[in-house]
Amino acid sequence: MTVVCLVGDEPESNSDTIEEGASPLIIVMGNYQVPFNQRDRFMSSKREQAKRTRHEAGCLEYAFSADAEQPGLVRLIELWESMDDLQAHLQGLASNLPQRQSDDAGVEVVSSTFAVFEGEPAAVP
């Protein structure tokens, strides 16, 4: 059986086929709490980081999203082909800390949380 995993902004033109039983995908869910009057600036400051990250080896999805109901909440979702790819990404972020700090446009991050999951591809019910 074949499972289709849609990635990117236009699913019709940007999809990968993943065989059932393939290696698990790595899923990262993150939350950033920022002052509500700085959320748009925070989102804008993350555009270049997201663009760079989407070109990294093993990155299937990397997106920031403003929560529709909580004005100071920004969510991050990442999909990676392997834990090694995610670890390489995190090492790159750590080694590029001065650039990341300037990318944040002086926005105060009040808090942030992250969770990492392994997920098996599955057919849509």
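The values are calculated or read from the model by the stated rules, or taken from the named source; none is laboratory data. Remember, predicted model here, so these are calculated numbers, not experimental data. Virtual Cβ from ideal backbone geometry, glycine too; neighbours counted across all protein chains shown.
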For the range 46-80, the count of residues that are of a type in the set (D, E) and more than 17 Å from N96 (Cα to Cα) equals 4
Counting only residues that are under 13 Å from the mean Cα position of the chain (by Cα) and surrounded by fewer than 16 Cβ atoms within 10 Å (Cβ to Cβ), the range 28-47 contains a total of 4
For the range 19-55, the count of residues that are modelled with pLDDT under 95 and touching a Ser or Thr at 6+ places or on another chain (Cβ under 8 Å) equals 3
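Kindly indicate whether S112 is within 20 Å of R47 (Cα to Cα) and at pLDDT 85 or above.
Here the answer is yes, as S112 does meet what is asked.
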Notebook entry, point to check: Within the bounds of the range 80-97, is there any residue that is on the phi < 0 side of the Ramachandran plot, at pLDDT 95 or above, surrounded by 10 or more Cβ atoms within 10 Å (Cβ to Cβ) and assigned to a strand (DSSP E or B)?
Noted result: yes
